[in-house]
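Presented below is the structure to which this report refers.
The values are calculated or read from the model by the stated rules, or taken from the named source; none is laboratory data. Computed from a prediction, not measured in an experiment: that's the story for all the values here. Note: ideal-geometry Cβ built from the backbone for every residue, glycine included; neighbour counts use all protein chains shown.
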Amino acid sequence: MDTDAAPLERERIEAPASGGIDIKAERIAALSDIVADQEATIFQLRAENNELQARLEVRDDEMVAAEEYTAIIRARLRELAKLANAEQHGEQASDVLEQLDDGIIDNTVDLALPDRHIEAQREQWLRRAGLYCDPQELTFAKALRGGTTANVYKALLYGSECAVKMIKSREELESSDPALASRIEIDVWREVCCMYRLRHPNIIALLGVVYSSSSIASASCTVELGKAPMISTRRALVFEYAEKGTLDVKKCSTSFTLVLQMSLGIARGMAFAHARGVIHRDLKPSNVLISKHGEPKVADWGLSKVMMGGKTSGVMTGETGTYLWMAPEVLKYEPYNESCDVYSFGIMMWNLMYGSENPYLLTPLQVAKGVAKNALRPKIPTSPNPEFRTLMEQCWHEEPSKRPPFVDVCARLEIILADHNIHKSAAGGLIKRIWG
C-alpha cells in the first residue's frame, strides 16, 4: 500500500463533507435572515394593528360622545318647540322666536326689499360712515393665508400697511358649499356692523370696506402683487396689519409676565366690546393677532352678535363658536349672554399659562359632550399665582351669573400684574446686591 496516497485519499473523502457543512451553514444563515425579516414584518403588522385598534376605540368613543351630545341638543330643541307652540305662553314664545332670528344685523336695512335695494342702502351707509374703500387705492404686497370663504393679503392703502380679507365670489362659494354661499353676505355685513362699533387699541381696526351695489360686484378678481386688484369692486374688508401674526400660546407660556400682559390686553378689548353691546362668540387664541409692538388685538368678529335694544340674552346654535372654547350653555342650546365670552377667555388663560391650545387630549366632540354633560374643565397642574388660578376658574364657572364681567377681570389682572412686577423687581434687586 502506497503511504503517500493515503492522505490524498482522505483529503478527497473529507473535502465533500467540509463543503456540505459550509452549504448548510449558509442555508441556515439565509433562513435565519428570512425568519428575522418575517419577525420584523409581524412586529410591524402588530404595531399597525394596535394603532388601528386604538383609532377604532377613539372613533367609537367619539360616536358615543356625538350621540350623547345630539341627545342633549334634541332635548333642548324639544323644549324650545314646546315653548314656541304653547298658546298659554304666547309672550314667552314670541321672545324665543325673536331670539332665534339672528339674521337681522342692522335695523337701518329693510331686509324685505329686493337684494339690489339692500345693497344700495348698505353702500350708502358705508359711504356715510366713512368706511367705503375704493379698491384701486389698494396695492397688494403678498398673500398671507387662504380660507373657506376668503383669502387674506398684505397690502398698502394710501401708502400704509393693511390686511385685506378678500371675500370669495358667490359663484366660487356655490361650487363648494351652496349653503355657505347663501349666507356669506349676512356674515360679512354682521362683521362690518359689529366692527364699526369697535375702536380700541386691543381690537383689530376695520379701516374700510370694498362694497358696491353695481351689477359687476360679484365679478371674479385677479390679484397681482404690486398692483391694484383687477376689479371694479368685490366684497373685501380692509383691516390694520398685525405684523407679528397670530397669538402664540406656546411662546407666551415661557414668561408669566407675558401671560399676564396678553391676558390683560385681550380682556381690555373684550370689556370695550361688551360695553358697546357686542358679543364675540368665537374667542380663542387663533382669533387674536399681535401688533408690531407686541399688543394683542382681538380679531375675526364674523360670528359676533350685536345686542340690539339693550338685550343681553338669546339663543345660539351649537355651530356658533369652537367646541374647545364654547360655554356649556351654548353647547346645550340654552339662553346665553355676554358671559359666554368670559368662559372662552377662562380657557384662553389656561392656553396662555400652559402653552397648549387643547387642554383635554380629547376630540372636539368628546370635549363638547364632556363640558355639556359632565362639567369637564382643564386640569391645572401648577400655578405660579393663586389669584390668577382663582380668576381663571371663576371665568369658566358653570353658572354664567357667577363669571366676572370683563371690567372686573381687567381690574384683577392689573393688580396681579402690578404685584408680580413688584416681586420681580425686588428679586432682581436682591440678586444685584448679592453679586455686586
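For the reader, a short list of remarks on this structure follows.
- Residue that is farthest from the chain's Cα centre (by Cα), among those in segment 248-264 that are modelled with pLDDT of 95 or more and crowded, with 23+ Cβ neighbours inside 10 Å: 260
- From the options 330, 342, residue that is under 20 Å from residue 270 (Cα atoms), within 17 Å of the chain's Cα centre (by Cα) and at pLDDT 95 or above: 342
- Single condition residue 143 does not satisfy, out of (1) over 19 Å from residue 205 (Cβ atoms); (2) touching a helix residue (DSSP H, G or I) at 6+ places or on another chain (Cβ under 8 Å); (3) modelled with pLDDT of 85 or more: (2)
Okay, residues lined up against (1) touching a helix residue (DSSP H, G or I) at 6+ places or on another chain (Cβ under 9 Å); (2) of a type in the set (Lys, Arg); (3) under 24 Å from residue 163 (Cβ atoms); (4) in a helix (DSSP H, G or I):
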site	(1), (2), (3), (4)
260	yes, no, no, yes
274	yes, no, no, yes
283	yes, no, yes, no
293	no, no, yes, no
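- Qualifying residue in segment 413-433 (condition: modelled with pLDDT of 95 or more and outside any helix (DSSP H, G or I)): no
- Scanning segment 393-407 for residues that are touching a residue at least 40 places away in the same chain (Cβ under 8 Å), of a type outside the set (Gly, Ala, Ser) and part of a helix (DSSP H, G or I) turns up 393, 394, 395, 400, 406, 407.
- Members of segment 292-308 found to be among the small types (Gly, Ala, Ser) and in contact (Cβ under 8 Å) with a residue 60 or more places away in the chain, listed by number: 299, 302, 304
- Of all residues making up segment 370-389, the number that are closer than 18 Å to residue 357 by Cα, charged (D, E, K, R) and buried (at least 16 other Cβ atoms within 10 Å of the Cβ): 2
- Residue pairs meeting the criteria (Cβ under 9 Å; at least 6 apart or on separate chains; first in the same structural domain as residue 235 (by TED's automatic domain parsing) and in a loop (DSSP other than H, G, I, E, B), in segment 120-132; second crowded, with 17+ Cβ neighbours inside 10 Å and among the small types (Gly, Ala, Ser)): 130/208; 131/208
- Selection of segment 328-350 for residues being part of a helix (DSSP H, G or I) and either within 18 Å of residue 406 (Cα to Cα) or not assigned by TED's automatic domain parsing to the domain that holds residue 250 (or both) yields 339, 340, 341, 342, 343, 344, 345, 346, 347, 348, 349, 350.
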